Amino acid sequence: MSEGVEWALHSCVNLAWSGPDRAVSAARLAAWHDLPAAYLNKQLQALARAGIVTSTPGPRGGFRLARPLDAISLMDVVVAVEGAEDAFRCTEIRQQGPGAGAASGYPADCAIAHAMTRAELAWRRALAAQNLDEIRQQAERQAPEAPERLRAWLATR
């Protein structure tokens, strides 16, 4: 999974903390964590295409959440940034090389592919079961001052 997923998740929480009436530019969101703005902007555009954030152009434009954090799962963000493809792709290497002949005695389903598919399904279900509001709540328990610090910093343009 790319670092873009982490950046996108933090950006969603930061947008929630900034308030629904404030659009925040990619550059400003990037500066908060000292990230490259152009790369973060790509992640934010992916979130916009997925309907997780909205983008307003112009000098006072930027990004806002398109829906409440409790309506955004971790899986929604992962799919927006990484795509919906399976993380594991079986290429049937058991059908190649000197061991290929032995593979004819194997069942149709590769045991490794089967195990990886089960693991990925569990991973996807766990991500889909947790929403960003739960993450926000945990972050606020860990750092209660974080939302106000962000809002104050955003106010200093």
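The values are calculated or read from the model by the stated rules, or taken from the named source; none is laboratory data. Remember, it's a predicted structure, so these values are computed and weren't measured experimentally. Positions of Cβ are backbone-derived with ideal geometry, glycine not excepted, and every protein chain shown enters the neighbour counts. Calculation scope for accessible area: heavy atoms of the full protein, side chains included, ligands and nucleic acids excluded. Shrake-Rupley method; radii C 1.70, N 1.55, O 1.52, S 1.80 Å.
Within segment 56-94, count every residue that is more than 17 Å from the chain's Cα centre (by Cα) and either surrounded by fewer than 16 Cβ atoms within 10 Å (Cβ to Cβ) or of a type in the set (Ser, Thr, Tyr) (or both). Give the derivation first.
Residues of segment 56-94 more than 17 Å from the chain's Cα centre (by Cα): 56-62, 88-94.
Imposing the further condition that a residue be either surrounded by fewer than 16 Cβ atoms within 10 Å (Cβ to Cβ) or of a type in the set (Ser, Thr, Tyr) (or both) reduces the set to 56-61, 88-93.
Residues that pass the stated criteria total 12.
Can you tell me which residue within segment 23-34, out of those that are open to solvent by 40 Å² or more (accessible area, probe 1.4 Å) and in contact (Cβ under 8 Å) with a residue 24 or more places away in the chain, is farthest from residue 59 (Cα to Cα)?
As a first pass, look at segment 23-34 and keep what is open to solvent by 40 Å² or more (accessible area, probe 1.4 Å): 27-28, 31-34.
Then drop every residue that is not in contact (Cβ under 8 Å) with a residue 24 or more places away in the chain, which leaves 28, 32-33.
On the way: 28: 12, 32: 19, 33: 22 Å.
Among residues in segment 23-34 that are open to solvent by 40 Å² or more (accessible area, probe 1.4 Å) and in contact (Cβ under 8 Å) with a residue 24 or more places away in the chain, the one farthest from residue 59 (Cα to Cα) is 33.
For segment 40-88, which positions are in contact (Cβ under 8 Å) with a residue 12 or more places away in the chain and on the phi > 0 side of the Ramachandran plot? Step through it out loud before you land on a result.
Taking segment 40-88 first, the residues in contact (Cβ under 8 Å) with a residue 12 or more places away in the chain are 40-44, 46-54, 56, 60-82, 86-88.
Within segment 40-88, 51, 62 meet the criteria.
Looking only at segment 110-132, count every residue that is over 18 Å from residue 79 (Cα atoms), open to solvent by less than 60 Å² (accessible area, probe 1.4 Å) and assigned to a helix (DSSP H, G or I) and tell me the total.
Final tally of qualifying residues: 2.
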